[in-house]
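Here's the structure, in structure tokens; my notes come after.
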Amino acid sequence: MVLVMGFEGSANKIGIGIVRDDGHILANERTTYCPKVGEGFLPKDTAKHHRDNILRLVQKALQTANITPSELDALAYTKGPGMGGPLRSVAVVARTLSQLWKKPLIPVNHCIGHIEMGRIVTGADDPVILYVSGGNTQVISYSLQRYRIFGETIDIAIGNCLDRFARVIQVPNDPSPGYNIEQMAKKGQQFIELPYVVKGMDVSFSGILSSIEKIATQQLAEGTCTKEDLCYSLQETLFAMLIETTERAMAHCGQNEVLIVGGVGCNVHLQEERGGKLFATDDRYCIDNGAMIAWGGLVMFTSGVKEVPLSETTCTQRYRTDEVLVQWRT
Amino acid sequence: MSNTKGEVIKQGAEARVYRTTFLGQDTIIKERFSKSYRHPVLDERLTTKRLNQESRCIARCQKHGIHTPTVYFVDLKGKSIYLEFIEGKTVKEIMRGQPSQQEVDTVSLLIGKALSSMHNEAGLVHGDLTTSNMILHGDQLFLIDFGLAYVTTLAEDKAVDLYVLERAFLSTHPNSEEMFKKILEAYRQNSKKSGEAVLKKLEEVQMRGRKKLAFG
Ligand SMILES: Nc1ncnc2c1ncn2[C@@H]1O[C@H](COP(=O)(O)OP(=O)(O)O)[C@@H](O)[C@H]1O
Ligand SMILES: [Mg+2]
């Protein structure tokens, strides 16, 4: 039996999880930093939030799992990608605990954590992966020891587009701007045409954002549309683009399963949007969490990544999914 | 109509491709279908737009001597376009068949030339450059699948077109970096100033791609 504790804090969530090698999740504790309406989360404040909460979450995770640190086989933390300050604030704690508890420390690529967690939770074996989050929008498929990126946004991420739009129309950040937009979209009546920008398997969102910002300022003032209509139209357009490129990648790779991961992936409407064999997880797993890092670390650990020297347990804001050698898959 | 469409040769993501005989010619019918996940207004708009783009952009290519299948007929109601059948292998098939270095070099040269003419002479961006959208017919390279193509004067648009191709290459054909470089070299040699500007922009687009990942 192998037990790993994972530390995640690359964006505005801080999470500690404990997982077992059979995929069982013993604990998955998390808190989210939510700035005021109209504001985004700044690295400095987010890092402070993580520092204030991390020790409490570690203790809570141990309690929930009902284990002592001595029972752990390894610790895993998010090396990147992410915001520098928050990443480092968590890595420092992970490094310290690995020294104190004398456990190997495994650096994990955040995106790989999402993917492997999605695979184990849903049982999807070799899906095309639609990775949608605040910092990332990618269509990924595995081949020859790498998760290869087939399509991605050529400018901003989908979550970033939604968050920035939320600020324009003053949607609250609690529990998340994306969730609130999803709820408002359900009440939308009128479909407003927005640019639709697909280039092969790539997408672009920045033009849509500036276009809807303009429409919002004008038409909301004139009363010719509602905030709900805008949420609905934005969501319809963005999701249609994502699904189109995902389908293109599936056709290209000859695969018929899709796995949706990442924070935007818990949008139920996105999950409903297409036929075929779709795998998705709920907000416990698609939103950043500690268990996914623990699980990412565990698959690395059990596939032979035994110990990483302390000097190599660093963080990096940029860390592409296809940089990681996937030695645990054939 | 349906029984005269012939044999389905490819069921793609957004279209079904049939091979048949039309007015005595070996013909491809590409029939687009509606997507239930799209808002009907959006779906209708995209389908019509892409049918039109495809025939218009093909005509534009042909005016500039770029090899593309001739459009025989467009059936807007049936969401179908009838195209000349091009005998040959897609570049994807060629790459999968362990080609010799010489074959790779020849194909790279043809791709670079074709793209440079398309961008810098016809003023077109393809919009979906992949190795399955290029067919080698004898010693001619045919470009196909112009549904996402459009006319533009911006170097940025053309650079993104090449960026899309680069990513399609690297994700579909591991270790094809050298080949992509050869394609760009041929592109450079076949285009004048406007081509240089595109390649310069490409570097910017690539940098942006690498820098973009702020957080997960
Ligand atoms: N004119 C043609 N001649 C020969 N084969 C074709 C022709 N057009 C399409 N094909 C074949 O059908 C496939 C799909 O056609 P394409 O136009 O690329 O549609 P899709 O949008 O589905 O990719 C191509 O990759 C190619 O193998
Ligand atoms: Mg095609």
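The values are calculated or read from the model by the stated rules, or taken from the named source; none is laboratory data. For clarity, every value in this text was computed on a predicted model and none was experimentally measured. With ideal geometry, Cβ positions are generated from the backbone for all residues, glycine too; neighbour counts draw on all protein chains shown. Note: accessible area is taken over every heavy atom of the protein model, side chains too, but ligands, DNA and RNA are not part of it. Shrake-Rupley method; radii C 1.70, N 1.55, O 1.52, S 1.80 Å.
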Using the charge dipole of the protein assembly as shown (Lys, Arg: +1 at Cβ; Asp, Glu: -1 at Cβ; taken about the Cα centre), state which of A:I140, A:G23, A:A291 has its Cα farthest towards the positive end.
A:A291
For A:316-328, mean number of other protein chain Cβ atoms within 10 Å:
2
Average beta carbon contacts from partner chains per residue of A:235-245, 10 Å cutoff
3
The range A:172-221 shape via C-alpha gyration tensor axes, a/c threshold 1.5:
oblate
How would you order A:246-252, A:208-214, B:40-46 from highest to lowest mean count of nearby Cβ atoms within 10 Å?
A:246-252, A:208-214, B:40-46
Accessible area of the range B:89-210 with a 1.4 Å probe: how many percent of it is carbon plus sulfur?
52
So if R0 is 22 Å, what FRET efficiency would A:T330 and A:Q255 give, r being the distance between their Cβ atoms, rounded to the nearest 0.05?
0.85
The protein assembly as shown, dipole about Cα centre (Lys/Arg Cβ +1, Asp/Glu Cβ -1), debye to the nearest 20:
720
What does the average come to when, for each residue of peptide B:31-40, you count the partner chain Cβ atoms lying within 10 Å of its Cβ?
4
Report relative contact order for chain A in percent, whole number only (criteria: Cα-Cα under 8 Å, sequence separation at least 6).
27
For the ranges A:313-324, B:85-96, what's the packing order if you count other beta-carbon atoms within 10 Å of each residue, average per peptide, and put the highest first?
A:313-324, B:85-96
Going by Cα centres, the range A:297-330 and the range A:36-108 are how many Å apart?
17
Which whole-number value in Å² is the accessible area per residue of the range A:55-131, probe 1.4 Å?
35
Dipole magnitude of chain B, debye to nearest 20 (Cβ charges: Lys/Arg +1, Asp/Glu -1, about Cα centre):
680
Under a crude label model (7 Å from the Cα following the beta-carbon direction), how far is B:E156 from A:L144 in nanometres?
3.4
Can you tell me what share of the DSSP beta bridges in the range A:70-189 is antiparallel? A percent to the nearest 5 is fine.
65
What part of the accessible area of the range A:233-273, given as a whole %, is carbon or sulfur when the probe is 1.4 angstrom?
49
For chain B, modelled as a GNM with alpha-carbon contacts under 10 angstrom, which of B:N175, B:N120, B:N52 fluctuates the most?
B:N175
Give me the number: length gained by fully extending A:T96 to A:V168, i.e. 0.36 nm times residue separation minus the C-alpha to C-alpha distance, one decimal in nm.
21.8 nm
Of the residues A:Y196, A:V128, A:Q99, the Cα lying farthest along the dipole of chain A towards its positive end, which is defined by charges on the beta carbon of Lys, Arg, Asp and Glu, belongs to A:Q99
Return the calculated 222 nm mean residue ellipticity for chain A, to the nearest 500 deg cm²/dmol, obtained by summing -39500 (n - 2.57) across DSSP H runs with n ≥ 4 and dividing by the residue count.
-13500 deg cm²/dmol
Within a Cβ distance under 15 Å of A:T64, other residues only, what is the Lys/Arg minus Asp/Glu net charge?
+3
Selected from B:T47, A:T153, B:V198, residue furthest toward positive end of dipole (the protein assembly as shown; charges at beta carbon):
B:V198
Modelled label-to-label distance, A:N66 and A:T302, 7 Å Cα→beta-carbon offset: nm?
2.2
State to the nearest 20 debye the size of the charge dipole of the range A:127-282 about its Cα centre, where the only charges are +1 on K and R beta carbons and -1 on D and E beta carbons.
280
Taking a threshold of 20 Å on the Cα-Cα distance, which of the pairs B:K10/B:K79; B:K35/B:K158; B:K30/B:K63; A:K227/B:K35; A:K199/B:K5 fall above it?
B:K35/B:K158; B:K30/B:K63; A:K227/B:K35; A:K199/B:K5
For the pair B:R19 and A:M1, the simple spin-label estimate (label points 7 Å beyond Cα toward Cβ) gives in nm 6.0
Which of the three applies to the range B:7-84, rounded, prolate or oblate, going by the alpha-carbon gyration tensor with a ≥ b ≥ c and a/c under 1.5 meaning rounded?
oblate
Surrounding charge for B:V71, neighbours by C-beta under 15 angstrom, Lys/Arg +1, Asp/Glu -1, total +1
Mind checking how much accessible area B and A bury in total, 1.4 Å probe, in Å² rounded to 100?
3600
Can you tell which of A:K227, A:K103, A:K187 shows the greatest fluctuation in a Gaussian network model of chain A with Cα springs below 10 Å?
A:K187
Hey, quick one: spin label on A:D21, modelled 7 Å out along Cα-Cβ, who in the range A:285-310 has an amide N within reach, i.e. under 18 Å?
A:294-308
At 222 nm, what value in deg cm²/dmol follows for chain B if DSSP H runs of at least 4 each add -39500 (n - 2.57) and the sum is divided by all its residues, to the nearest 500?
-15500 deg cm²/dmol
